[in-house]
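Notes follow the structure.
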Amino acid sequence: MEEELLPLDLQRFDGKLIADQRAASLAVFEDHNGQRKLLVMSVNKKPIEEELGIDLLYWDQVHDAFTFVQYKRLERADSGDENGSYEWVYRRKNEIEKQLNLMPKGREVPKKAADWRAFDTPFWFKFVRGDAGRKLDGKTLKGMYVSADWMRLAMTDSTFKVGPRGGFRVTYKNTKYLLRGVFAQLISRGFIGTASTRSQAFRKAMQNLGADRELIIAIKTEWQEDTEREPAPVSSDAPSPALPF
């Protein structure tokens, strides 16, 4: 089950930042000078997961950006070739469709350089091999990080149709993905995640760890709209926003 993998990624990131686990579902990562850089939270079984279709969230406090990740466990299966080899696959199409429907699609148009992101969506899937927890290091578990926007396109064409009967399979061969090192760098450097307007809105939901379902739904509805509202000005001298943990 994916639940077995989440705690392992909660405790590690890029092998450089130092983890301080504050609770079973919350860890803060700092640099060697003790400066807070990144907050990681498991929201599995919480209202945030049920409304947004995610398991883990990253809050890059340097760039004030939230990145959301849904975990999927890959299973070992026969590849179907003549050599009798195997591959790691994910077959539950309905689960991916369900979570994609929960993830907002609205794009936040940047109005300043600090809000520019390399990907329009802050939502990602992570496909992890079932045996990924056997070899651990200071980095997140090895796996495929896949943009939710790309997944939506792939789910509507023949990308995941395999074999003469067109069975559904997500594999390393038919997926466009990022590896863990690249994904960690994109988070650390502010290339992915929410920008200022949406980050500010999501921090409101985070004040009580996302227990306010109505607030989450309101934020989700707002994100679905393609808005071009001017974000509130942020002073470069302003301290990093804080949450009560």
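Among the residues of the stretch 129-138, are any touching a Ser or Thr at 6+ places or on another chain (Cβ under 8 Å), of a type outside the set (A, V, I, L, M, F, W, C) and part of a loop (DSSP other than H, G, I, E, B)?
First, pick out the residues of the stretch 129-138 that are touching a Ser or Thr at 6+ places or on another chain (Cβ under 8 Å): none.
Checked the stretch 129-138: no residue is touching a Ser or Thr at 6+ places or on another chain (Cβ under 8 Å), of a type outside the set (A, V, I, L, M, F, W, C) and part of a loop (DSSP other than H, G, I, E, B).
In the stretch 155-193, what residues are under 18 Å from Lys93 (Cα atoms), touching a residue at least 60 places away in the same chain (Cβ under 8 Å) and of a type in the set (Val, Ile, Thr)?
Val162, Val170, Thr171
With the structure loaded, tell me whether Ala113 is free of Cβ contacts under 8 Å to residues at least 60 places away in the same chain and surrounded by fewer than 20 Cβ atoms within 10 Å (Cβ to Cβ) or whether it fails that test. I'd like the intermediate steps shown before the answer.
Numbers: free of Cβ contacts under 8 Å to residues at least 60 places away in the same chain: yes; surrounded by fewer than 20 Cβ atoms within 10 Å (Cβ to Cβ): yes.
Against the criterion (free of Cβ contacts under 8 Å to residues at least 60 places away in the same chain and surrounded by fewer than 20 Cβ atoms within 10 Å (Cβ to Cβ)), Ala113 qualifies.
Name the single residue that is farthest from Glu4 (Cα to Cα) among those in the stretch 58-106 being among the acidic types (Asp, Glu) and assigned to a helix (DSSP H, G or I).
Of the residues in the stretch 58-106, the ones among the acidic types (Asp, Glu) are 60, 64, 75, 78, 81-82, 87, 95, 97.
Still in the list and also assigned to a helix (DSSP H, G or I): 95, 97.
Values: Glu95: 18, Glu97: 22 Å.
Within the stretch 58-106, the match that is farthest from Glu4 (Cα to Cα) is Glu97.
None of the figures in this text is laboratory data; all of them are computed from the coordinates on show. Here the structure is a predicted model, which means the values were calculated and not measured. With ideal geometry, Cβ positions are generated from the backbone for all residues, glycine too; neighbour counts draw on all protein chains shown.
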